[in-house]
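In what follows, a single structure is set out as structure tokens and then discussed.
The values are calculated or read from the model by the stated rules, or taken from the named source; none is laboratory data. Everything numeric here is computed off the predicted structure, so don't read it as measured data. For neighbour counting, all protein chains shown are included, and Cβ atoms are generated from backbone atoms with ideal geometry for every residue, glycine included. Each accessible area value is taken on the protein alone, full model and side chains, heavy atoms only, with ligands, DNA and RNA left out. Shrake-Rupley method; radii C 1.70, N 1.55, O 1.52, S 1.80 Å.
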Amino acid sequence: MTARREPEVVITACPDGPLLVRGPATILAADGSEVTRTRPTVALCRCGASAIKPFCDGTHKVNGFTTDEG
């Protein structure tokens, strides 16, 4: 009998950009409600200026957002 492995969740911080979330992670809004995901990989905003929060819309590229790892 082979043990089943659960799918892995991987979060990658993109330099000067979003957090990429790969795998079956549940994303919760500030009020605790579940955010609907339509893709297995999503980009979460870190700059705070996205028009489609919590998801990234690329605004970080024009607003000068930087991170320590960038």
Principal axis dimensions, the chain - Cα atoms, whole angstrom, descending: 53, 28, 18
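Round to a whole number: what % of the accessible area of the chain belongs to carbon and sulfur, probe 1.4 Å? Present the calculation step by step, with values, prior to reporting the outcome.
Working: 2800 of 5250 Å².
Roughly 53 percent of what the probe reaches on the chain is carbon or sulfur.
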GNM flexibility winner over the chain from LEU28, LEU19, LEU44 (Cα, springs under 10 Å): LEU28
Hypothetical label at ALA49: residues of region 15-35 whose amide nitrogen lies under 20 Å (7 Å Cα-Cβ projection): 15-20
